[in-house]
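No value in this document is a laboratory result; all are computed from the given coordinates. The shown structure was predicted, so the numbers you read here are calculated from the model rather than taken from an experiment. Cβ sites come from the backbone with ideal geometry, for glycine too, and all protein chains shown count toward neighbours.
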């Protein structure tokens, strides 16, 4: 026979915490609020009622003591329900000092989290028995419910302005002092970093181009610069490759970093003991030790992608996510129009950036309009959905300089990177150098 299991709780810890609040109201209550202790955090409803009354006094900046609290509860007709003035006196005298208040705050919070996990997990079990269809959406909802419980430990939906203001002032100070420090993940390209100050957290960055323009190569260069920066701490990068296998991506990245001509390598024309081999071995060692992750699952839906990203982020906090590319994401419902499918994926990726607090770089295709009209690409050329333009915080467009092939053969290995949209910064155009033999972009040099 299995033993009867008790719901995690500690009435003593709850009473000790209430006693600390009555001893030093403002200080202990502010610490409780900072730790996200709410009336529902208490297992005993009476303790929750008392804590709610204390918060009411604290918010009104009224004196926090037993007499004022008793009057507050009496006015709200809750004093008798908790056991009257005698119970308040009993609780208030439980502890003589607030020295251990931090321990009791952590204990109450910990036990409340365990109870919430039990409730959420039990609900998930019941939902599994009542499951009727749509497995991807169902699993995503279950995961979101569980993550909502655990994320309440470290984040809240509405933040006081003080925190964001302090962060903004740090950025402003750096800019005014012209220190040139990036506030986000480096792209590896000085002109682009000068415009964007790096790829910022919670932003969705769209890199768009026509096929065979090199958008995958440029995205891999971004990922390499983030995971293997020339200076500063590496940022763990997760790459979702919906078009190429992980082995193909690894081969491209190795040859690019080692500056080895991939065609010569495939044709067997490279020396076995030459500098190319030592360069490849060195690059392989660097990538092996780097915080780079590649998922090459095909037919991946946005719900599945978000679930995979959450799991990896829980094990290793990510610095950036790359998705290659948006239009290859499988629809969650194939019956809806294609534009709505792409819009759903776009919204999901923007939500993922905010949820995991990382920049998400999304590759996208452009339609044929710019080619037909022989002009520079613009936002309206984003393929299949206007929501991409709406959801994106930054839109980068990769293009060949107009008339380069005809007039300036020396510039044929250059490319234009257009910052067509940036919510929090300027737009503009910059040039990159494209080394065709090693499929690598570098800072533009004349």
The percentage of Cα-Cα pairs in region 7-152 separated by more than 18 Å is 60 percent
Packing-ranked peptide list from 17-28, 182-193, 310-321, highest mean Cβ count within 10 angstrom first, is 17-28, 182-193, 310-321
Rounded to the nearest 5, the percent of antiparallel DSSP beta bridges in the chain equals 45 percent
Checking rank on 430-438, 46-54, with mean other Cβ inside 10 Å and highest first, the result is 46-54, 430-438
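Quick one: which of 107-115, 123-131 comes out on top by average Cβ neighbours within 10 Å, and what's the full order, highest first?
Going by the mean number of other Cβ atoms within 10 Å, highest first, we get 107-115, 123-131.
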A chain fully extended from residue 267 to residue 369 at 0.36 nm per residue, minus the present Cα-Cα distance, gains in nm 33.0 nm
For residue 212 and residue 380, extending 7 Å from Cα along the Cα-Cβ vector and measuring point to point gives, in nm, a value of 2.7 nm
FRET efficiency for residue 284 and residue 120 from the Cβ-Cβ distance with R0 = 45 Å, rounded to 0.05, comes out at 0.55
Fewest to most Cβ atoms within 10 Å: 205, 418 sort as 418, 205
CD proxy, 222 nm, the chain: helix-only mean residue ellipticity via -39,500 (n - 2.57) per DSSP H run with n ≥ 4, per residue, nearest 500, stands at -15000 deg cm²/dmol
Cα-based Rg and Dmax for the chain, in Å, come out at 28.4, 93
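Work out, step by step, the length gained on full extension between residue 427 and residue 390: first 0.36 nm times the residue separation, then minus their alpha carbon distance; give nm to one decimal.
Details: separation 37, 0.36 × 37 = 13.32 nm, distance 1.58 nm.
Extending this stretch completely gives an extra 11.7 nm.
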Note: residue 334 to residue 129 extended length (0.36 nm per residue) minus current alpha-carbon separation gives 71.2 nm
If one compares the long axis through the Cα atoms of helix 162-177 with the longest principal axis of the Cα atoms of the chain, the angle in degrees, nearest 10, works out at 40 degrees
Taking Rh as the Kirkwood radius computed over alpha-carbon pairs of region 177-443 and applying Stokes-Einstein at 37 °C with viscosity 0.692 mPa s, one gets a diffusion coefficient in µm² s⁻¹ of 172 µm²/s
Taking Cα atoms only, helix 135-151 is inclined relative to the longest principal axis of the chain by an angle, in degrees rounded to 10, of 60 degrees
If one compares the long axis through the Cα atoms of helix 25-34 with the longest principal axis of the Cα atoms of the chain, the angle in degrees, nearest 10, works out at 30 degrees
